[in-house]
Amino acid sequence: MTLDLSTLNFDKGQGLVTVVTQDASTGDVLMVAHADREALERTLATGEMHYRSRTRGLWHKGATSGNTQQVVSLTADCDGDAVLARVRKAGPACHTGEETCFGEGRWDALAHLDATLAARATGPLPEGAKPSYTRRLLEDRNLRLKKLGEEAAELVTACADADKHRAAEEAADVLYHVLVAVRPLGLTLDDVKAVLAARARPKVP
């Protein structure tokens with residue numbers, strides 16, 4: 001999270017810059033607001049989004065609702081009068097209760113799965129409750145690697161048989177088991193996506 005405030009043009013917006021806040025997992029635009037130098041300084045210092053409203057002044061997103069926005073990155077636009085804030089949200093972005101200020105947003109199944117795995121990996125198991133399948137995999141290295149191999153083999157078979165429906169089902173199983181397999185290594189969906197994004201960028205000659 002780096003942003004050189006000296007590159008921003010606060011004068012153009014009478015002390016404010018526009019902030020476009022985007023969900024780092026889904027790509028949804030969550031909201032559009034404004035920030036002054038103080039709000040961005042607080043954002044950089046705390047790692048959570050702060051804004052400046054013309055009516056309510058400096059405000060920390062989620063301070064009262066709990067729907068905070070953890071900063072992933074802050075990027076100025078080419079004119080220096082707008083900032084793209086990529087965040088991980090703790091709840092709905094809109095005061096109406098909607099996920100975004102532009103509607104319900106896109107439900108990302110992989111991001112939801114990754115969040116569920118994070119909760120299963122760290123959350124305490126209720127007393128007397130049997131561990132879920134996911135919990136068993138996370139706690140048993142040999143089992144999760146064995147299942148990953150089995151699911152990959154089943155996907156290969158479905159593709160060889162040209163069975164579209166079964167191939168889609170097996171591909172979903174493989175994606176689930178891949179995210180389970182890398183979770184104990186401290187890796188998440190974001191880490192995998194970062195590798196894919198780096199590979200997709202044009203190579204500079």
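The values are calculated or read from the model by the stated rules, or taken from the named source; none is laboratory data. Because the structure is a prediction, the values reported are computed rather than measured. All Cβ positions, glycine included, derive from the backbone under ideal geometry; neighbour counts span all protein chains shown. Just the protein is used for accessible areas: all its heavy atoms, side chains included, with ligands, DNA and RNA removed. Shrake-Rupley method; radii C 1.70, N 1.55, O 1.52, S 1.80 Å.
Looking at Ala24, is it touching a residue at least 60 places away in the same chain (Cβ under 8 Å) and within 30 Å of His112 (Cβ to Cβ)?
Judged against the criteria, Ala24 is a match.
Enumerate the pairs (first residue in region 98-111 and within 25 Å of Val192 (Cα to Cα) and touching a residue at least 24 places away in the same chain (Cβ under 8 Å); second residue anywhere and assigned to a loop (DSSP other than H, G, I, E, B) and of a type in the set (Val, Ile, Thr)) with beta-carbon separation below 7 Å, excluding pairs fewer than 6 apart on the same chain, so at least 6 apart or on different chains.
Matching pairs, first to second residue: Gly105/Thr26; Arg106/Thr26; Asp108/Thr26; Ala111/Thr26.
Determine which member of the set Leu137, Leu196 is aliphatic (A, V, I, L, M), assigned to a helix (DSSP H, G or I) and open to solvent by less than 40 Å² (accessible area, probe 1.4 Å).
Leu137
Against the condition outside any loop (DSSP other than H, G, I, E, B) and either of a type in the set (S, T, N, Q) or over 26 Å from Ala63 (Cα atoms) (or both), how does Ala168 come out, does it pass?
Considered against the rule, which asks whether it is outside any loop (DSSP other than H, G, I, E, B) and either of a type in the set (S, T, N, Q) or over 26 Å from Ala63 (Cα atoms) (or both), Ala168 comes out as yes.
Could you list, in sequence order, the residues of region 101-130 that are open to solvent by 90 Å² or more (accessible area, probe 1.4 Å), at pLDDT below 85 and part of a loop (DSSP other than H, G, I, E, B)?
Glu104, Arg106, Trp107, Pro124, Glu127
Does at least one position in region 172-192 carry a residue that is farther than 26 Å from Arg141 by Cα, of a type in the set (A, V, I, L, M, F, W, C) and open to solvent by less than 50 Å² (accessible area, probe 1.4 Å)?
No - not one qualifying residue is present in region 172-192.
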